[in-house]
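Read-outs: derived from the displayed coordinates by stated rules, not from any lab. Fair warning: this is a prediction, and the values are worked out from it, not measured in the lab. Note that each Cβ is placed from the backbone with ideal geometry, even for glycine, and that neighbours are counted across all protein chains shown.
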Amino acid sequence: MSNQHQIDQITERVEQLLLRYEELQRANSLLTHERDSLRSRLNAARSRVDALIERLPEGIRNTVKSPAGNGTES
C-alpha cells in the first residue's frame, strides 16, 4: 500500500468520524433539551400533587405521604 493511499484512507476515516461526532453532538443537544423539559414538567406535577396533599385533612394526609416518596429524587 502506498503512503498516499494510506493517507487518503486515514483522511476519509477522520472525515467520517467528524461527521459522526457532529451527529452525536446534535442528538445530545436534543436529548438534553428533552430531559430538561421533562424534568420541568415533573417538578410542576410534583408541586401540584403536593398542593393537593396539603389540602387533604390531616389524618388522610399522613397516610398519603410515604417516607420513600419525599420528592428529593432528580
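Just a few scattered comments:
- Look at segment 35-55: where a residue is touching a residue at least 12 places away in the same chain (Cβ under 8 Å) and a partner is assigned to a helix (DSSP H, G or I) and surrounded by 10 or more Cβ atoms within 10 Å (Cβ to Cβ), sitting 6+ places away or on another chain with Cβ atoms under 7 Å, you get 53/61; 53/64.
- Flag if residue 63 is surrounded by 10 or more Cβ atoms within 10 Å (Cβ to Cβ) and among the hydroxyl-bearing types (Ser, Thr, Tyr): no
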